[in-house]
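Trainee: Pasting a structure below so you can have a look.
What follows draws every value from the coordinates through simple rules; no lab data is involved. Just so it is clear, the structure is predicted and the values come from calculations on it, not from any experiment. Positions of Cβ are generated from backbone atoms using ideal geometry, with glycine treated the same way; all protein chains shown enter the neighbour counts.
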Amino acid sequence: MKITQKHLSLGKLARGGEYGKDTAGKTIIINTHKPWEFDKPPVRIIIHWIGPYPGQAVSTPWNWWENGSDGGGVRASAHFIVKDADVIQCLPLNEVGWHAGDSRNFDSIGIEVIPMNIEGEFSKLSIDTLKLVIQHIRNEIGNNLKLERHFDGVQEKDCPRFYTPLSDMVTREEQYNHVPMQGQERWEKLKLFLNDWKPE
Ligand SMILES: [Zn+2]
């Protein structure tokens, strides 16, 4: 696994900036002097999907967070974006990201996965890469970081939808094998696989 590092630049909303006005009343980004750093080491890893937008490159969400539609960026970020064998790191591991929609931003590392279809299914290769990224994070921060979904937060967002109870899709493979699964079962199975490793 090769991680491409492309950190969000200083001075953008995703790194702690805020909208304000300049003396002429024009909207600008203020408070951009410093990214937010974690007060204490993160305790969880939160998994997301960039959805429902299959087929994007890993750099596409990065570019949106960084630039938005007006070059100023948007207040969204995560530490990693995964698609198949590609990984891009968008924030250093000591910085707070804007992905969880709740206070978990301040104690978590966020990983976005680009799905292989609009239902949000992760490709086998993406899942293998995700596992390596999780191992990397645990090696860097600590082996006890637990795995959660965006869904597990206060908003119960449908993220990553295919691996939540909000997905009622049955895949072709499941139909073929006569083992239709619920989104929650898929998550339990995915989590078992991702957690099945030995610390270095
Ligand atoms: Zn999410």
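Trainee: Pairs of lysine in the range 1-114 with Cα under 23 Å and at least 8 positions apart or on different chains: total?
Mentor: Numbers: Lys2/Lys83; Lys6/Lys34; Lys6/Lys83; Lys12/Lys21; Lys12/Lys26; Lys12/Lys34; Lys21/Lys34; Lys26/Lys34.
Going through the range 1-114 pair by pair, I get 8.
Trainee: Separate question: Express the C-alpha Rg of the chain as a ratio against the empirical globular expectation 2.2 N^0.38 Å, rounded to two decimals.
Mentor: Details: Rg = 17.5 Å, N = 200, 2.2 N^0.38 = 16.5 Å.
Taking the Cα Rg and dividing by 2.2 N^0.38 Å, one obtains 1.06.
Trainee: Given points 7 Å out from each Cα along the Cα-Cβ axis, report the Lys124 to Glu156 separation in nanometres with one decimal.
Mentor: Label-label distance for Lys124 and Glu156, simple model: 3.5 nm.
Trainee: With a point put 7 Å past each Cα toward its Cβ, work out how far Gln184 is from Trp64 in nm, to one decimal.
Mentor: 2.9 nm
Trainee: Next question. Full-extension gain between Phe106 and Arg44, please, as 0.36 nm times their residue separation minus the C-alpha to C-alpha distance.
Mentor: Numbers: separation 62, 0.36 × 62 = 22.32 nm, distance 1.00 nm.
Going from the current span to full extension adds 21.3 nm.
Trainee: Follow-up. Suppose only helical runs count, i.e. DSSP H with n ≥ 4. What mean residue ellipticity at 222 nm does that imply for the chain under -39500 (n - 2.57) per run, divided by all residues and rounded to the nearest 500 deg cm²/dmol?
Mentor: Working: 4 runs with 46 residues, N = 200.
That comes out to -7000 deg cm²/dmol.
Trainee: In percent, what relative contact order does the range 76-200 have, based on Cα pairs under 8 Å that are 6 or more apart in sequence? Walk me through the numbers before you get to the answer.
Mentor: Working: 165 pairs, mean separation 25.2, N = 125.
Computed value for the range 76-200: 20 percent relative contact order.
Trainee: Let me ask something else about it. Go ahead and run the numbers for FRET between Asp196 and Trp36, Cβ-Cβ distance against an R0 of 25 Å, rounding to 0.05.
Mentor: On the way: r = 33 Å, r/R0 = 1.31.
Step by step, r from the Cβ atoms, then E = 0.15.
Trainee: Right, something else. How far, in degrees from 0 to 90, does helix 124-141 lean away from the longest principal axis of the Cα atoms of the chain, to the nearest 10?
Mentor: 60 degrees
Trainee: Under a point spin-label approximation (7 Å from Cα along Cα-to-Cβ), what is the Ser9-Gln56 distance to one decimal in nm?
Mentor: Distance between the two pseudo-spin positions: 2.0 nm.
Trainee: Report P(r) for the range 90-200: all Cα-Cα distances, bin width 5 Å, range 0 to the bin holding the largest distance, values in whole percent.
Mentor: 2, 11, 19, 24, 21, 13, 6, 3, 1
Trainee: What does DSSP give for the chain in terms of the percent of beta bridges that are antiparallel, rounded to the nearest 5? Working shown, then result.
Mentor: Numbers: 9 of 25 bridges.
For the chain, the DSSP antiparallel bridge percentage is about 35.
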